[in-house]
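Student: Sharing a structure here in C-alpha cells format.
The values are calculated or read from the model by the stated rules, or taken from the named source; none is laboratory data. Bear in mind the structure is a predicted one, so any value in this text is a computation, not a measurement. Ideal geometry is used to build each Cβ from the backbone, glycine not excepted, and the neighbour counts take in all protein chains shown.
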Amino acid sequence: MDASLTGGYTIRAFETIEEFQECVELQEDTWGHGFSERVAPAILKVSQILGGIAAGAYSEAGDLDGFVFGMTGLREGEIVHWSDMLAVRGPARDRGLGTCLKAYQREQVLPLGVEKMHWTFDPLQSRNAYLNFAKLGIVVREYAEDMYGQTDSPLHRGIGTDRFIALWLLMSHRVVYRLSGAAPPHAPPERAVSVLGASGEGALPRPGEPDVSRGNDELLVTIPSDIAAIMDDSMDLALEWRRVTRTVFVHYLAAGYEVKEIFRGERTSQYMLVQTDDE
C-alpha cells in the first residue's frame, strides 16, 4: 500500500482487521464512546476497494494518532471525493498532522481523475475553519442547514448540525499555493464591509443584527473564536450565534458569494465572502 512519511509519522492505508478496529476506537475517542455514526471496519475496508480512502497516521512507536476516511463517487455527473471523517488524537494536535492527512488524501485520489473534494464542518468552529481555509485553500459555496439532524456526539451539544460544505479544487493555483506553506492574508481588505458584527465585553461576545442588504465585492461575517466556551456558559447565546450566522450565510451564498478566508482573533474571528471565482 502507498505510504507517506511526514513529521515522524507514516501515513498509509489500513491493511489488517486490527488496524480497521483501531480506527473505530479512535472515532469513539474523538466523538464519544458508543458514537452511533461511527464507521465500521467492514465499511472502511470496502471503501478502499471502490476508490475511497481509509488511512491512518502512525507514530514512530506504531501508535495510531490520526486517520482520514472518504468515499469516491459521482455528484451531479462528476467524479468527486467526499472526505467523511478526519481526526487527530489530542496529544498529536497542533503539529500539522491534519494538513498532512488531507495532503495524503489528495495525492491518493488525483490518479483516479478526481479534481474536486468535499467535506463538511461547523461554521462556528473557528479553529477547524482556519485549517480548511488558511492551510488547505478551500472555498465554500454551500450551506447545509441541520445536515446530520440530532446526533449523540457530545461535541454537537444541542446547537444543531448546520454545516459548510467545503469545495477543495485540488488542482487550482490557490490549493497548490496554500499546501506549499504559503502564508494566507492576515487581515481583510479595508474596503470589506461587515454584514454581521459582535458586541459585549469579555470572552463571550454577542452577535449583532445580520445585514442582508449589501452587494459589495467583499463582505465580513463575525463569529466567536471559541464557541465551546459560549456553549458551556449559555446555550441560548450559542443558539443565537447559530441563528444569525445561518441567516447571513444562507442569504449571501444563494446570492452568488463564496466564503474564501477566515481571520482568527482571540475573542472573535471573521469570515470573508467574495463573489464566486473558480480560481
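Student: So for region 61-68 (the condition being part of a strand (DSSP E or B), without any contact (Cβ under 8 Å) to a residue 60 or more places away in the chain and of a type in the set (Gly, Ala, Ser)), does at least one residue qualify? Spell out how you get there, then give the answer.
Tutor: Of region 61-68, the ones part of a strand (DSSP E or B) are 64-68.
When the remaining residues are screened for being without any contact (Cβ under 8 Å) to a residue 60 or more places away in the chain, the result is 64-68.
Right, trim to of a type in the set (Gly, Ala, Ser) and you get 66.
Checked region 61-68: at least one residue is part of a strand (DSSP E or B), without any contact (Cβ under 8 Å) to a residue 60 or more places away in the chain and of a type in the set (Gly, Ala, Ser).
Student: Step by step: first the residues of region 7-22, then only those that are of a type outside the set (Phe, Trp, Tyr) and assigned to a loop (DSSP other than H, G, I, E, B), then the one that is surrounded by the fewest Cβ atoms within 10 Å (Cβ to Cβ). Which residue is that? Before you say what the answer is, go through the steps one by one.
Tutor: Pass one, region 7-22, residues of a type outside the set (Phe, Trp, Tyr): 7-8, 10-13, 15-19, 21-22.
Next, from what is left, pick out any that are assigned to a loop (DSSP other than H, G, I, E, B): 7-8, 15-16.
Numbers: Gly7: 13, Gly8: 14, Glu15: 13, Thr16: 10.
In this case the residue turns out to be Thr16.
Student: Still on this structure: Only residues that are among the polar types (S, T, N, Q), over 18 Å from the mean Cα position of the chain (by Cα) and either under 13 Å from Gly70 (Cα atoms) or buried (at least 19 other Cβ atoms within 10 Å of the Cβ) (or both): list them for region 23-56, please.
Tutor: Of all residues in region 23-56, those among the polar types (S, T, N, Q) come to 27, 30, 36, 47-48.
When the remaining residues are screened for being over 18 Å from the mean Cα position of the chain (by Cα), the result is 36, 47-48.
Listed by number, the residues that qualify are Ser47, Gln48.
Student: Quickly run through region 23-36 and pick out the residues that are in contact with a helix residue (DSSP H, G or I) (Cβ under 8 Å, 6 or more places away or on another chain) and not in a helix (DSSP H, G or I).
Tutor: Passing the criteria: Gly34, Phe35.
Student: Between residues in region 81-99 that are farther than 14 Å from Ile11 by Cα and residues that are basic (Lys, Arg), which pairs lie under 8 Å by C-beta distance while being six or more apart or on different chains?
Tutor: His81/Lys116; Trp82/Arg75; Ser83/Lys102
Student: Additional query: Given the conditions (1) closer than 20 Å to Gly98 by Cα; (2) of a type in the set (A, V, I, L, M); (3) free of Cβ contacts under 8 Å to residues at least 24 places away in the same chain, which single one is not true for Ala42?
Tutor: (1)
Student: Looking for whichever is within 28 Å of Thr99 (Cβ to Cβ) and either outside the structural domain of Gly158 (by TED's automatic domain parsing) or surrounded by fewer than 17 Cβ atoms within 10 Å (Cβ to Cβ) (or both) here; the options are Asp217, Asp226. Which one fits? Step through it out loud before you land on a result.
Tutor: Working: Asp217 fails: within 28 Å of Thr99 (Cβ to Cβ).
Result of the check over Asp217, Asp226: Asp226.
Student: Search region 12-24 for residues that are of a type in the set (Gly, Ala, Ser) and pair each with any residue that is surrounded by 17 or more Cβ atoms within 10 Å (Cβ to Cβ) when their beta-carbon atoms are under 6 Å apart and the residues are at least 6 apart or on different chains.
Tutor: Short answer, once both residue conditions are applied: Ala13/Ala55.
Student: Name every residue in region 4-24 that is closer than 16 Å to Asp63 by Cβ and at pLDDT below 95, in order of residue number.
Tutor: Leu5, Thr6, Gly7, Gly8, Tyr9
Student: Would you point out which residue out of Ile138, Ile159, Ile165 is within 23 Å of Gly90 (Cβ to Cβ) and in the same structural domain as Glu37 (by TED's automatic domain parsing)? Give the derivation first.
Tutor: Working: Ile138 fails: within 23 Å of Gly90 (Cβ to Cβ); Ile165 fails: within 23 Å of Gly90 (Cβ to Cβ).
Only one candidate qualifies: Ile159.
Student: Given the criteria of a type in the set (Gly, Ala, Ser), loosely packed, with under 14 Cβ neighbours inside 10 Å and in the same structural domain as Asp29 (by TED's automatic domain parsing), does Gly62 qualify? Break it down stepwise before answering.
Tutor: On the way: of a type in the set (Gly, Ala, Ser): yes; loosely packed, with under 14 Cβ neighbours inside 10 Å: yes; in the same structural domain as Asp29 (by TED's automatic domain parsing): yes.
So Gly62 passes the test.
So that you can scan it fast, the table gives a plain yes or no per residue for (1) outside any helix (DSSP H, G or I); (2) surrounded by 20 or more Cβ atoms within 10 Å (Cβ to Cβ); (3) in contact with a strand residue (DSSP E or B) (Cβ under 6 Å, 6 or more places away or on another chain); (4) not hydroxyl-bearing (Ser, Thr, Tyr):
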| position | (1), (2), (3), (4) |
| --- | --- |
| Ile79 | yes, no, no, yes |
| Ala103 | no, no, no, yes |
| Leu110 | no, no, no, yes |
| Arg127 | no, no, no, yes |
| Phe133 | no, yes, yes, yes |
| Met147 | yes, no, yes, yes |
| Gln150 | yes, no, no, yes |
| Ile159 | yes, no, no, yes |
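Per-residue answers, yes or no, for (1) touching a residue at least 60 places away in the same chain (Cβ under 8 Å); (2) among the acidic types (Asp, Glu); (3) within 18 Å of Val140 (Cβ to Cβ):
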| site | (1), (2), (3) |
| --- | --- |
| Arg206 | no, no, no |
| Pro224 | yes, no, no |
| Ala229 | no, no, no |
| Asp233 | no, yes, no |
| Ala238 | yes, no, no |
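Student: Checking the conditions here, which among Glu266, Glu258, Glu190, Glu209 is over 21 Å from Ala134 (Cβ atoms) and either surrounded by fewer than 21 Cβ atoms within 10 Å (Cβ to Cβ) or outside the structural domain of Lys102 (by TED's automatic domain parsing) (or both)? Show your work before the answer.
Tutor: On the way: Glu266 fails: over 21 Å from Ala134 (Cβ atoms); Glu258 fails: over 21 Å from Ala134 (Cβ atoms); Glu190 fails: over 21 Å from Ala134 (Cβ atoms).
Glu209 is the lone residue from the list that is over 21 Å from Ala134 (Cβ atoms) and either surrounded by fewer than 21 Cβ atoms within 10 Å (Cβ to Cβ) or outside the structural domain of Lys102 (by TED's automatic domain parsing) (or both).
Student: When the residues of region 239-252 are narrowed to those that are crowded, with 22+ Cβ neighbours inside 10 Å and hydrophobic (A, V, I, L, M, F, W, C), which ends up farthest from Asn128 (Cα to Cα)?
Tutor: Val248
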